[in-house]
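Enquirer: Below you will find the structure I want to go over with you.
The values are calculated or read from the model by the stated rules, or taken from the named source; none is laboratory data. As the structure is a prediction and not an experimental result, all values here were calculated from the model. We place every Cβ from the backbone using ideal geometry, glycine too, and count neighbours over all the protein chains shown.
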Amino acid sequence: MSESSDGRGDAELLRRIAEGDRGAFEVLYRRHAPWLAARLRARCADPAIVDDVVQETFLSVWRGSDRFRPGASDGDAAGWLWRIGSRRLIDALRGHGARQRLASAVSRLRVRDEPSAEDAILLRIEHGDIAGPLRRLSPELRAVVQATVLDGLSTRDAAVLLGIPVGTVKTRAMRARRQLRQELA
């Protein structure tokens, strides 16, 4: 759980937001919006879509913070925010009028040969021994694993996010699992 300089944790902030506390909302937004935007930008290169998704995510938090259950299936607030944000991104990419933006965004979707420094650090911290094998996956396979396994998206949602057919997502996921099994054996 993240805490602010005044000692307020995320769960406490969400409880206060559910009671209508705008100050608590501002603290939560300042604490989590930057990393959420950065993580969304790694999946969608269109800054307008990312900005909209961040705003929609926090609007959802304002309207439904009482649905957060610390320690339950929601886990921590950051994980809860990420699940909301990733689903909002899928909705935005599927949405009315997004087809033109989708073609543009998908063509600019960052599939890197080398992960950014932030991604490399997060991989090591979050995934320990599996970080090396994940880094050695091709960018296409890594993107599918990230979308379906690490981000928890369905195959269909991952296909929309990555701009590839559902069958391609399934094939790449199968290839990634095979490669990871061989490296971890």
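Enquirer: Checking the structure you have, find out if any residue of the range 63-73 is modelled with pLDDT under 75, part of a helix (DSSP H, G or I) and not polar (S, T, N, Q).
Expert: yes
Enquirer: Then there is this: Does the range 42-57 hold any residues that are touching a residue at least 12 places away in the same chain (Cβ under 8 Å), in a helix (DSSP H, G or I) and either in contact with a strand residue (DSSP E or B) (Cβ under 8 Å, 6 or more places away or on another chain) or surrounded by fewer than 20 Cβ atoms within 10 Å (Cβ to Cβ) (or both), and which are they?
Expert: Correct list: 48, 51, 52, 56.
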